[in-house]
């Protein structure tokens, strides 16, 4: 059902744009960054861009049912009361789409070497990886939405293990069992952390009608930093 080409996943390669995003990520105001620090950040961004080895896996499965706190699909289970409740607002939720996307291991290797020299450079490279992998995941999410639309499905936003009420460890284990990400050189530790570090796993729901794309509208955690209600 889902056929996505690597060319569909656009990565930022504009160093200036990335520099602004990374400054924001690490708490700098772009206007307050000295020329020397700006040059250093630019060099680290270029190192990061040269190290990226983007890979991803996408797989869909049929939704076989959902209960109070579980969404069941063929070969995969999601333990989330909030997302299971969201399915009650949808018309004919039928598809689960799971994915993992990674920037590859080289960024981890470079970061390990940078830590031997100072704290600032690995801090910036870590922020670079976080910004880039999230943007890559955004593009993959959008591409999946386009593919689902071709099959007459609307879709939820992506949701990842560790967010909302979906446990990190159980969620990562469920996705990794389903996707077998060794094919793209990603593995899941017993803690639920993925290696390489700059990797994102997520699930989306496809249905005939999706009035609300996340459970945020029905959630009482008003101060949640990951709240998406305003973006729907």
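Computed from the coordinates by the stated procedures, all read-outs in this text should not be read as laboratory data. This one's a predicted model, so the numbers in the text were calculated from it and none came from an experiment. FYI the Cβ positions are ideal-geometry reconstructions off the backbone, even for glycines, and counts take in every protein chain you see.
For the chain, a Gaussian network of Cα nodes joined below 10 Å ranks 67, 113, 55 by mean-square fluctuation, and the top entry is 113. Within the listed set 64, 190, 102, the residue fluctuating most in the Gaussian network model of the chain (springs between alpha-carbon atoms under 10 angstrom) is 190.
The C-alpha atoms of the chain define a longest principal axis, and helix 15-26 lies at about 80 degrees to it. Sorting 92, 19 by the number of Cβ atoms found within 10 Å of their own Cβ, with the fewest placed first, yields 92, 19. Could you tell me how many degrees, from 0 to 90 and to the nearest 10, lie between the Cα long axis of helix 120-150 and the main elongation axis, the longest principal axis, of the Cα atoms of the chain? Approximately 30 degrees, to the nearest ten. Its Cα gyration tensor gives the chain an equivalent ellipsoid. The semi-axes, each the square root of 5 times an eigenvalue, are 33, 19, 17 Å from largest down. In segment 175-221 the Cα-Cα distances spread across 5 Å bins starting at 0 as 5, 14, 22, 14, 11, 17, 13, 4 percent of all pairs. Considering only 46, 36, 172, the Gaussian network model of the chain with Cα springs below 10 Å gives its largest mean-square fluctuation to 36.
The alpha carbon centroids of segment 61-134 and segment 166-232 are separated by 4 Å.
Using C-alpha pairs under 8 Å with a sequence gap of at least 6, the mean separation divided by the residue count of the chain gives a relative contact order of 26 percent. Compared with the dominant Cα axis of the chain, that is its longest principal axis, helix 168-179 is turned about 80°.
The slack between residue 50 and residue 68, meaning 0.36 nm per residue of separation minus the straight C-alpha distance, is 1.9 nm.
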